[in-house]
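Structure, as structure tokens:
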Amino acid sequence: MKRFNTEGTEVSAQRSRRGMLLALAALLAWACLPMVSRGQTTASTSPASKRAAAGSAAPTSLQKNVEAYLRHLYALGPEVQVTVSVPKESEVPGLLETTVDVKDGENSQSAKFYLSKDGKYLVRGEAADLSKDPLAETRARIDIKDAPSLGDPKAAVTLVEFSDFECPVCRSLHDVLRGTLPNYPQVRVVFKDFPLESLHPWARTAALAGRCAYQQDPKAFWKVYDAIYDQQELISASNAWSKMTDFAGQAGLNPDSFKACMASPEAGAAIDASRTNGQQLEVGSTPTLFINGRRLVGADPKALEQYIQYELAQQKLSKN
């Protein structure tokens with residue numbers, strides 16, 4: 001169990017600040033909320049919201065109403081910034097669409113809502129078009145070009161992993177994959193960086209190491225990947241750089257080229273692009289997997305095998 005407690009006390013403050021946001025996110029996930037009418041008096045917009053809206057058009061009465069309702073429901077004080085986008089027509093007839101961003105310091109949550117046009121009902125959720133494959137759009141949005149991969153490019157199942165090298169659960173996933181993948185040669189793995197820098201001080205350094213290993217020798221990436229997770233408990237913010245250079249040497253990489261890459265803006269831009277892609281897919285925690293586009297959060301080996309086996313069975317049925 002030791003590996004699940006590696007974040008230490010230095011993140012207790014961040015956890016405290018995140019608690020309110022995570023609680024809000026959990027509640028919003030279940031919300032189908034009747035709104036107060038447009039005519040009801042709304043609370044004044046917070047200073048944080050005013051700053052967010054500076055330079056743009058003043059919020060409409062409907063935007064103010066949504067913000068006031070959520071602040072009152074979830075006890076969000078003025079220190080929490082709540083931004084409600086201008087409602088627009090949605091793909092669902094009769095409903096408007098808006099995005100609510102909640103920010104507390106460095107931590108934030110974003111959620112899409114639907115509004116009835118009379119301003120009475122607020123609905124949290126996703127609209128599903130039953131005439132379309134729900135996973136095809138997700139697959140199309142995952143950018144796997146120039147990403148480390150392991151396995152046949154034409155494999156029946158593609159598993160895309162968004163991970164953080166310092167994340168304890170990501171290490172657990174690493175162990176799960178190590179035990180599971182030998183049983184499924186039909187699976188290709190693609191790695192995507194998603195460092196949670198506000199929680200994990202050396203995660204970005206490790207991500208840069210992985211990226212630079214990949215750029216010098218794609219096969220060496222997986223050696224560095226294994227080394228980081230296998231020795232995660234020995235790495236700290238103070239020794240991360242030296243540990244990464246050690247792992248690069250053990251992988252047979254040129255040390256000078258590796259160090260130059262680690263300090264280059266190109267490597268940092270690649271990490272940022274990977275993280276942005278994850279955010280576009282609404283990745284909010286690590287590890288998050290996409291098995292042929294089907295989302296799986298965490299390191300549950302049974303769920304992972306269930307998803308892989310389902311995909312293989314579906315493709316077998318299609319061929320027959």
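From the set of residues in region 170-213 that are open to solvent by 30 Å² or more (accessible area, probe 1.4 Å) and in contact with a Pro (Cβ under 7 Å, 6 or more places away or on another chain), which is farthest from Arg275 (Cα to Cα)?
Per the criteria, the residue is Arg188.
Report, by residue number, each residue of region 86-103 that is of a type in the set (Gly, Ala, Ser) and either touching a residue at least 24 places away in the same chain (Cβ under 8 Å) or over 16 Å from Gly125 (Cα atoms) (or both).
Listed by number, the list holds a single entry, Ser90.
In region 221-254, how many residues are in a helix (DSSP H, G or I), open to solvent by 10 Å² or more (accessible area, probe 1.4 Å) and over 27 Å from Gly151 (Cα atoms)?
5
Within region 133-174, count every residue that is among the acidic types (Asp, Glu) and within 15 Å of Ala303 (Cβ to Cβ).
Residues flagged as among the acidic types (Asp, Glu) and within 15 Å of Ala303 (Cβ to Cβ) within region 133-174 amount to 1.
Residue under question is Thr205, and the condition is that it be assigned to a helix (DSSP H, G or I), over 29 Å from Arg139 (Cβ atoms), among the polar types (S, T, N, Q) and touching a Lys or Arg at 6+ places or on another chain (Cβ under 8 Å); does it hold?
Against the criterion (assigned to a helix (DSSP H, G or I), over 29 Å from Arg139 (Cβ atoms), among the polar types (S, T, N, Q) and touching a Lys or Arg at 6+ places or on another chain (Cβ under 8 Å)), Thr205 does not qualify.
I'd like to know if region 282-295 contains one or more residues that are under 15 Å from Pro195 (Cα atoms), touching a Pro at 6+ places or on another chain (Cβ under 8 Å) and either surrounded by 12 or more Cβ atoms within 10 Å (Cβ to Cβ) or of a type in the set (A, V, I, L, M) (or both).
no
Let me spell it out: the conditions are (1) out of contact with any helix residue (DSSP H, G or I) (no Cβ under 7 Å at 6 or more places or on another chain); (2) closer than 30 Å to Pro134 by Cα; (3) not β-branched (Val, Ile, Thr), and Ser242 meets all of them except one. Which number is the exception?
(2)
Would you check which residues across region 93-135 are of a type outside the set (Ser, Thr, Tyr), under 17 Å from Val66 (Cβ atoms), in a strand (DSSP E or B) and in contact with a helix residue (DSSP H, G or I) (Cβ under 9 Å, 6 or more places away or on another chain) and list them?
Passing the criteria: Leu96, Val100, Asp101, Val102, Lys103, Gln109, Ala111, Phe113, Leu115, Leu122, Arg124.
Cβ-Cβ below 9 Å, separation at least six or inter-chain, first residue in region 140-155 and within 16 Å of Phe221 (Cβ to Cβ), second assigned to a loop (DSSP other than H, G, I, E, B): which pairs?
Close Cβ pairs (under 9 Å, with a partner that is assigned to a loop (DSSP other than H, G, I, E, B)) amount to Gly151/Pro185; Gly151/Gln186.
Considering each of Ala303, Ala299, Ala270 in turn, give the residue that is surrounded by 14 or more Cβ atoms within 10 Å (Cβ to Cβ), of a type outside the set (Val, Ile, Thr) and part of a loop (DSSP other than H, G, I, E, B).
Ala299
Residue by residue through region 130-142, note down the ones that are within 15 Å of Phe290 (Cβ to Cβ) and surrounded by fewer than 17 Cβ atoms within 10 Å (Cβ to Cβ).
Asp133, Pro134, Leu135, Ala136, Glu137, Arg139, Ala140, Arg141
Out of all the residues in region 67-86, which are assigned to a loop (DSSP other than H, G, I, E, B) and open to solvent by less than 30 Å² (accessible area, probe 1.4 Å)?
Leu76, Gly77, Val80
Can you confirm whether Ser149 is closer than 15 Å to Phe191 by Cβ, in contact with a Cys (Cβ under 8 Å, 6 or more places away or on another chain) and surrounded by 14 or more Cβ atoms within 10 Å (Cβ to Cβ)?
Here the answer is no, as Ser149 does not meet what is asked.
Kindly establish whether Gly284 is at pLDDT below 95 and touching a helix residue (DSSP H, G or I) at 6+ places or on another chain (Cβ under 9 Å).
yes
So that you can scan it fast, the table gives a plain yes or no per residue for (1) aromatic (Phe, Trp, Tyr); (2) closer than 30 Å to Ala209 by Cβ; (3) out of contact with any Pro (no Cβ under 7 Å at 6 or more places or on another chain):
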| position | (1), (2), (3) |
| --- | --- |
| Gly94 | no, no, yes |
| Ser110 | no, yes, yes |
| Phe113 | yes, no, yes |
| Ala127 | no, no, yes |
| Leu159 | no, yes, yes |
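Test of understanding: among Ala248, Ala267, Ala240, which residue is in contact (Cβ under 8 Å) with a residue 40 or more places away in the chain, farther than 26 Å from Ile291 by Cα and of a type outside the set (S, T, N, Q)?
Ala267
The values are calculated or read from the model by the stated rules, or taken from the named source; none is laboratory data. Everything quoted here is computed from the prediction, not taken from an experiment. Cβ atoms come from the backbone with ideal geometry, glycine included; neighbour counts cover every protein chain shown. Note: areas computed on protein heavy atoms with side chains; ligands, DNA, RNA excluded. Shrake-Rupley method; radii C 1.70, N 1.55, O 1.52, S 1.80 Å.
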